[in-house]
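Working notes for the structure below.
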Amino acid sequence: MASAMTVNELKQRAKWLRQAIFDMVMEARQGHVPSSFSMIETLVALYYGGIARIYAQQPHHPERDRIFISKGHAAHALYPIFADLGFFPADELARFTRPEGMLGMYADFRIPGIEGISGSLGHGVGMGAGIALAARQNGEDHRAFVIVGDGECYEGSIWESALFAAHHRLDRLVTIVDRNQLCILGRTEDCLQLDDLAAKWSAFGWAVVEADGHDFASLMSAFSRIGDTGGKPLAIIANTVKGKGISFMEGNASWHNKMPDAALLAQARAELSTPI
Amino acid sequence: MRLMRDATIDTLCAAARKDRDILFISADFGAAALDALRRDLPEQFLHVGICEQNMVDLASGLALAGKQVFLYAMAPFITARCYEQTKCALAAMNLPATLIAVGVGLGYDHATLTHFTPEDMAIMRALNGIEIWTPADDLVAEALAHLCVTQPAFRYIRLERSPLPRVYSDPTAVLASGVGVLRNGGGTAIVACGALLENALMAADMLAAEGISTTVIDLARIKPQPTAALVEALAGCSRIVTVEEHMREAGLGSAVLEMLADAEAMRPLRRLGLTDGFEVKNGHRADLHRAYGLDATAIAAAVREGRG
């Protein structure tokens, strides 16, 4: 199992991951940078911060925690991590979305490290509930982590699954809501109000904790509630900025899947390489 | 007469007693046989509430964790209501889960349009990798349940709501080939499945009394298409009449046409089924069959007309 890193090392990892995703997406001119960048610190905390049980070189280790990115358009953010963990050769990243490559824009479940298909929204919480329930029945102690978008919380299926997980006291299930405030057409609160999201998850029977989704201390504190919820599943509302790390993308809905021109590309690379 | 759902659940319950990885999920839908499963195996029975979308996503997670999952609900709600979940969370990963639907076609006669499934074959057979069965009686339903336990795959099982008279003494052959020959008189073949086989057999009797012999074929498996078995069953038949409680588009009759085309074994074929704008009618299923031209009289007429 990978050993945990210091906060400074985690920040370096977050910087590396943003750059690696950006390079991969810009090479292919396909992908979703802003949706990936809002959850970078969450991914780094899970995979490198000692939160999730991960086994390098062993994507199918039976005791691993199962991590689902239910907001599937951003699941490609995992590919550099998987390559780093030795799940597949790093040169696959250069073949992202290419016919000869195995890494698709939307994560296929056959990719080592991907636990289940995603792309269509609203499936991950139910799938995670099934994983958590099976683990309990089998006497196994791995957990299921599901990252959902805040816009994804418009899907009714999320709330069907939330009801189920709370009723069955699936405290091995952790849902992280990437609260980046944006869906494709604009701010969620202008499109269709989601607030108070924490109150909604709480009303559905979940333990809820809010966190600054770009601050490792805050995220680690939120994750420390795992196993300390009185049997409830845990929802972490991670308040984030869509496009975090590239100033012209931050909080700007129009960059959902748009590709920058040469000048902005250079600006983005410069911002992403700023020393921590 | 034993209900198909009881035959199915009794079989699954017996298997579940020996294998704790078998799970049965209901979206608020029951059966007499379900009581024993709920009482004796509470860990293996899940009531998910009236939440078909979560039922399928949950089943996906359970199947990914190695569980053998059976999902159970009324036919309209386990098909169209959660279709996108089935497409993404089951079909796309080819997970070995079984969808068990009760009350296909016009089975919920008095409930009418919301509870009919005039589109279920069309949408379900378009799913990648699915296997689809319509048992003709309780013995076939029981044998299918055995098949699901012993050879797990992604399947959709279309059960009748009401008991049907037995048409098979031994379901082995129809399970092996997907096609059953219930009458073998040559001439015109009447192809149906499930409840409409009763009407097809009545039509065959009416025609036999007039000296017209027919063949009656049970298309028990509509996918994968049992093309060779169907063509073999049709060997002595010059014409075909298909009958279904489904829109004429993309259902059983269409599947028969596809198989004949693939085998380059086309012959005159007439499809009886529901047509655009079919009217809501109060009444029992037999009344609906009369109203929609799916009863024995209509089937016999279609056979006679084509012989001219």
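Scan A:LEU272, A:LEU264 and give me the residue that is more than 15 Å from A:VAL177 (Cβ to Cβ) and either of a type in the set (S, T, N, Q) or touching a residue at least 60 places away in the same chain (Cβ under 8 Å) (or both). A:LEU272 is the lone residue from the list that is more than 15 Å from A:VAL177 (Cβ to Cβ) and either of a type in the set (S, T, N, Q) or touching a residue at least 60 places away in the same chain (Cβ under 8 Å) (or both). Considering only segment A:134-145, I want to know if a residue exists there that is at negative phi, more than 8 Å from chain B (Cβ to nearest Cβ) and of a type in the set (S, T, N, Q). No: zero hits. Screening A:VAL148 against (1) away from every other protein chain (no Cβ under 13 Å); (2) touching a strand residue (DSSP E or B) at 6+ places or on another chain (Cβ under 9 Å); (3) not in a helix (DSSP H, G or I) leaves a single unmet condition, (1). Checking each residue in segment B:48-91 for being in a loop (DSSP other than H, G, I, E, B), touching a residue at least 40 places away in the same chain (Cβ under 8 Å) and of a type in the set (A, V, I, L, M, F, W, C) picks out only B:ALA80. Taking the criterion of being touching a residue at least 40 places away in the same chain (Cβ under 8 Å) and closer than 22 Å to B:ALA65 by Cα, the residues of segment B:14-47 that qualify are B:ALA15, B:ASP19, B:ASP21, B:ILE22, B:LEU23, B:PHE24, B:ILE25, B:SER26, B:ALA27.
When A:MET105 is tested against (1) closer than 14 Å to A:LEU170 by Cβ; (2) away from every other protein chain (no Cβ under 11 Å); (3) surrounded by fewer than 24 Cβ atoms within 10 Å (Cβ to Cβ), exactly one condition is not met: (1).
Would you mind stating whether A:THR274 is of a type in the set (S, T, N, Q) and under 19 Å from A:ALA162 (Cα atoms)? It is false that A:THR274 is of a type in the set (S, T, N, Q) and under 19 Å from A:ALA162 (Cα atoms).
Within segment A:1-31, which residues are touching a residue at least 60 places away in the same chain (Cβ under 8 Å), of a type in the set (Val, Ile, Thr) and under 15 Å from A:GLY243 (Cα atoms)? Across segment A:1-31, the qualifying residue is only A:VAL25.
Results for (1) within 22 Å of B:ARG17 (Cα to Cα); (2) touching a strand residue (DSSP E or B) at 6+ places or on another chain (Cβ under 7 Å); (3) modelled with pLDDT under 95; (4) more than 8 Å from chain A (Cβ to nearest Cβ), shown as yes or no for each residue.
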| site | (1), (2), (3), (4) |
| --- | --- |
| B:ALA75 | no, yes, no, yes |
| B:GLN85 | no, no, no, no |
| B:THR98 | yes, yes, no, yes |
| B:VAL104 | no, yes, no, yes |
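Pairing residues of segment A:47-66 that are farther than 16 Å from A:THR175 by Cα with residues that are at pLDDT 95 or above and not in a loop (DSSP other than H, G, I, E, B), at Cβ distances under 6 Å and at least 6 apart in sequence or on separate chains, gives A:TYR48/A:ARG13; A:GLY49/A:LEU10; A:ILE54/A:TYR47. The residue that is surrounded by the fewest Cβ atoms within 10 Å (Cβ to Cβ), counting only those in segment A:160-177 that are of a type outside the set (A, V, I, L, M) and more than 9 Å from every other protein chain (Cβ to nearest Cβ), is A:ARG169.
Considering only residues in segment A:114-124 that are within 19 Å of A:ALA28 (Cβ to Cβ) and more than 8 Å from chain B (Cβ to nearest Cβ), the one that is surrounded by the most Cβ atoms within 10 Å (Cβ to Cβ) turns out to be A:SER118. Checked against the criterion of being within 14 Å of another protein chain (Cβ to nearest Cβ), among the hydroxyl-bearing types (Ser, Thr, Tyr) and surrounded by 23 or more Cβ atoms within 10 Å (Cβ to Cβ), segment A:79-95 has no qualifying residue. Within segment B:130-159, which residues are under 20 Å from B:GLN85 (Cβ atoms) and of a type in the set (Val, Ile, Thr)? Answer for segment B:130-159, where residues must be under 20 Å from B:GLN85 (Cβ atoms) and of a type in the set (Val, Ile, Thr): B:ILE130, B:ILE132, B:ILE157.
Looking at this structure, is B:ASP262 out of contact with any Phe, Trp or Tyr (no Cβ under 9 Å at 6 or more places or on another chain), of a type in the set (Asp, Glu) and either more than 25 Å from B:PHE116 (Cα to Cα) or buried (at least 22 other Cβ atoms within 10 Å of the Cβ) (or both)?
yes
Restricting B:CYS82, B:CYS88 to residues that are over 20 Å from the mean Cα position of the chain (by Cα) and surrounded by 20 or more Cβ atoms within 10 Å (Cβ to Cβ) narrows the list to B:CYS88.
Against the condition surrounded by fewer than 24 Cβ atoms within 10 Å (Cβ to Cβ), under 17 Å from A:ALA129 (Cβ atoms) and not basic (Lys, Arg), how does B:PHE45 come out, does it pass?
Details: surrounded by fewer than 24 Cβ atoms within 10 Å (Cβ to Cβ): yes; under 17 Å from A:ALA129 (Cβ atoms): yes; not basic (Lys, Arg): yes.
Yes, satisfied.
The values are calculated or read from the model by the stated rules, or taken from the named source; none is laboratory data. Everything numeric here is computed off the predicted structure, so don't read it as measured data. Positions of Cβ are backbone-derived with ideal geometry, glycine not excepted, and every protein chain shown enters the neighbour counts.
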